[in-house]
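Undergrad: Could you have a look at this structure, given as structure tokens, before my questions?
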Amino acid sequence: MKGSELEKELAEGKLRSAYLLAGEEPLLRDDALLAVRSAVLDGSADDFNLDRLDGHSTTLDQLYDSVRALPVMAQHRLVILSEPESARGAAGKKIGAALAELVAELADQSETILVVCAAKVDKRLAWVKAFKTPAVVVDCAPPKGAKALASFIA
């Protein structure tokens, strides 16, 4: 899915349980994240319903607790995990396994929305493959070619 398709879907009121914003263009990732955040959080209890986690320093317990927590005085809560593959070795594999499990778990509920932001992902890994319907991968790769670049700038 492209960013424009994501914005159209969100404008129609459709929220998915999990989003993977993958690609090396930070502007596209930031725009997609802002669109999801605006659709999920209503401004009333955002402090309670927004968790930002960094893949390098997040523990498994923090990830599970954030994703499994219920919203406070709101319909939804938003969990944002940045760069899960930045954790090295065994910790990275555990985070990946947990993500695959949590994406499947989130498919059966609508309270918590998980957004994973990553510049580079290995599409062969199970956690990346887990982002299939109802979850989705949003392509945030930089434009290629003059025509794509011109529309990106516009």
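The values are calculated or read from the model by the stated rules, or taken from the named source; none is laboratory data. Owing to the predicted nature of the structure, the values given are computational and were not obtained by experimental measurement. As a convention, Cβ positions derive from the backbone with ideal geometry for all residues, glycine included, and neighbour counts pool all protein chains shown. Each accessible area value is taken on the protein alone, full model and side chains, heavy atoms only, with ligands, DNA and RNA left out. Shrake-Rupley method; radii C 1.70, N 1.55, O 1.52, S 1.80 Å.
Undergrad: Among the candidates Gly13, Gly55, Gly43, single out the residue that is in contact with a helix residue (DSSP H, G or I) (Cβ under 6 Å, 6 or more places away or on another chain) and of a type outside the set (Ser, Thr, Tyr).
TA: Details: Gly13 fails: in contact with a helix residue (DSSP H, G or I) (Cβ under 6 Å, 6 or more places away or on another chain); Gly43 fails: in contact with a helix residue (DSSP H, G or I) (Cβ under 6 Å, 6 or more places away or on another chain).
It is Gly55.
Undergrad: Only one residue in Leu33, Leu28, Leu6 is over 19 Å from Ala104 (Cα atoms), modelled with pLDDT of 95 or more and part of a helix (DSSP H, G or I), so which one is that?
TA: Among Leu33, Leu28, Leu6, only Leu33 is over 19 Å from Ala104 (Cα atoms), modelled with pLDDT of 95 or more and part of a helix (DSSP H, G or I).
Undergrad: So Asp108 fits all but one of (1) among the charged types (D, E, K, R); (2) under 13 Å from the mean Cα position of the chain (by Cα); (3) under 21 Å from Ala39 (Cα atoms); what number is the exception?
TA: (2)
To keep it simple, each residue is scored yes or no on (1) of a type outside the set (Val, Ile, Thr); (2) in contact (Cβ under 8 Å) with a residue 60 or more places away in the chain; (3) open to solvent by less than 70 Å² (accessible area, probe 1.4 Å).
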position: Leu6; (1), (2), (3): yes, yes, yes
position: Tyr19; (1), (2), (3): yes, yes, yes
position: Arg29; (1), (2), (3): yes, yes, yes
position: Leu34; (1), (2), (3): yes, no, no
position: Val40; (1), (2), (3): no, yes, yes
position: Ser44; (1), (2), (3): yes, no, no
position: Asn49; (1), (2), (3): yes, no, yes
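Undergrad: Pairs under 9 Å by beta carbon, first residue closer than 20 Å to Pro26 by Cβ in the range 103-118, partner open to solvent by 10 Å² or more (accessible area, probe 1.4 Å) and among the charged types (D, E, K, R), six or more apart or different chains?
TA: Hits for this filter: Val115/Arg37; Val116/Glu83; Cys117/Arg29; Cys117/Asp30; Cys117/Glu83; Ala118/Arg29; Ala118/Glu83; Ala118/Glu85.
Undergrad: Another question, then. Can Val128 be described as in contact with a Leu (Cβ under 6 Å, 6 or more places away or on another chain), modelled with pLDDT of 85 or more and either open to solvent by 50 Å² or more (accessible area, probe 1.4 Å) or not acidic (Asp, Glu) (or both)? Lay out the reasoning, then the answer.
TA: Working: in contact with a Leu (Cβ under 6 Å, 6 or more places away or on another chain): no; modelled with pLDDT of 85 or more: yes; either open to solvent by 50 Å² or more (accessible area, probe 1.4 Å) or not acidic (Asp, Glu) (or both): yes.
Considered against the rule, which asks whether it is in contact with a Leu (Cβ under 6 Å, 6 or more places away or on another chain), modelled with pLDDT of 85 or more and either open to solvent by 50 Å² or more (accessible area, probe 1.4 Å) or not acidic (Asp, Glu) (or both), Val128 comes out as no.
Undergrad: Can you name the condition, by its number, that Glu105 falls short on among (1) farther than 19 Å from Ala126 by Cα; (2) open to solvent by 30 Å² or more (accessible area, probe 1.4 Å)?
TA: (1)
Undergrad: Answer yes if at least one residue in the range 81-90 is surrounded by fewer than 19 Cβ atoms within 10 Å (Cβ to Cβ) and modelled with pLDDT of 90 or more, and no otherwise.
TA: Yes, the conditions are met somewhere in the range 81-90.
Undergrad: Ok, one more. Criterion first (more than 19 Å from Ala32 (Cα to Cα), more than 16 Å from the chain's Cα centre (by Cα) and not polar (S, T, N, Q)) does Lys123 satisfy it?
TA: no
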